[in-house]
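To start, the structure under review is shown below, and the notes come after it.
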Amino acid sequence: MEALVVHTMKQVSLPVMWRLTLDPMPDVFLMIRRQKTTIFTDAKESTTVYELKRIVEGILKREPEEQRLFKDDQLLEDSKTLGDCGFTNQTARPQAPGTVGLAFRMSDEMFEQLQVGAFSSPPELPDVMKPQDSGSTANEQTVQ
């Protein structure tokens, strides 16, 4: 029984470990935004813009030909890689994903204007959660 467990661990663990340590192209993390819709995804730097459109198609059910993707208001070319467009593992990290704008085709020749809605502001923190002044507190008493 013990030999079977060791064998199973070798089959499961070693390929995963090899894949993680020898992966030459780390992931880039993206936030694809259109109006009030936001999609978080990851891809390789070598992924083309067209392949990214296929990812969007799988989620929003709109064909790549009906999509335009933008970086900083610049239209991204389908044949370019995400790395070519400036999305690298240094510029599009999990804690700060790269932003991609998305616009859909409205009619045969017309695409909608790129519109990205602003995120809502969080509510103000209740007083009990606000940082306290370290000099004194309301419960301190004067000692004589």
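The values are calculated or read from the model by the stated rules, or taken from the named source; none is laboratory data. Bear in mind that the values here come from a model prediction, so they are computed numbers and not experimental data. FYI the Cβ positions are ideal-geometry reconstructions off the backbone, even for glycines, and counts take in every protein chain you see.
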(message) Going by what's in this entry, would Asp73 be described as of a type in the set (D, E, K, R) and at positive phi?
(response) yes
(request) Answer yes or no: is there a residue in region 28-50 that is of a type in the set (Asp, Glu) and either at pLDDT 95 or above or touching a strand residue (DSSP E or B) at 6+ places or on another chain (Cβ under 8 Å) (or both). (result) yes
(request) Of all residues in region 73-106, count the ones that are among the aromatic types (Phe, Trp, Tyr) and in a strand (DSSP E or B). (result) 1
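Yes/no per residue for (1) of a type outside the set (S, T, N, Q); (2) at pLDDT 95 or above; (3) touching an Asp or Glu at 6+ places or on another chain (Cβ under 7 Å); (4) more than 14 Å from Ala43 (Cα to Cα):
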{"position": "Gln67", "(1), (2), (3), (4)": "no, yes, no, yes"}
{"position": "Lys71", "(1), (2), (3), (4)": "yes, yes, no, yes"}
{"position": "Thr81", "(1), (2), (3), (4)": "no, yes, yes, no"}
{"position": "Glu109", "(1), (2), (3), (4)": "yes, no, no, yes"}
{"position": "Ser121", "(1), (2), (3), (4)": "no, no, no, yes"}
{"position": "Pro131", "(1), (2), (3), (4)": "yes, no, no, yes"}
(message) So Gln35 passes all but one of these: (1) surrounded by 15 or more Cβ atoms within 10 Å (Cβ to Cβ); (2) in contact (Cβ under 8 Å) with a residue 24 or more places away in the chain. Which condition number does it fail?
(response) (1)
(request) Please specify each residue of region 107-131 satisfying the condition of being more than 22 Å from Phe29 (Cα to Cα) and not in a loop (DSSP other than H, G, I, E, B). (result) Phe111, Asp127, Val128, Met129
(request) Take the residues in region 38-72 that are among the charged types (D, E, K, R) and assigned to a helix (DSSP H, G or I), then tell me which one is surrounded by the most Cβ atoms within 10 Å (Cβ to Cβ). (result) Lys53
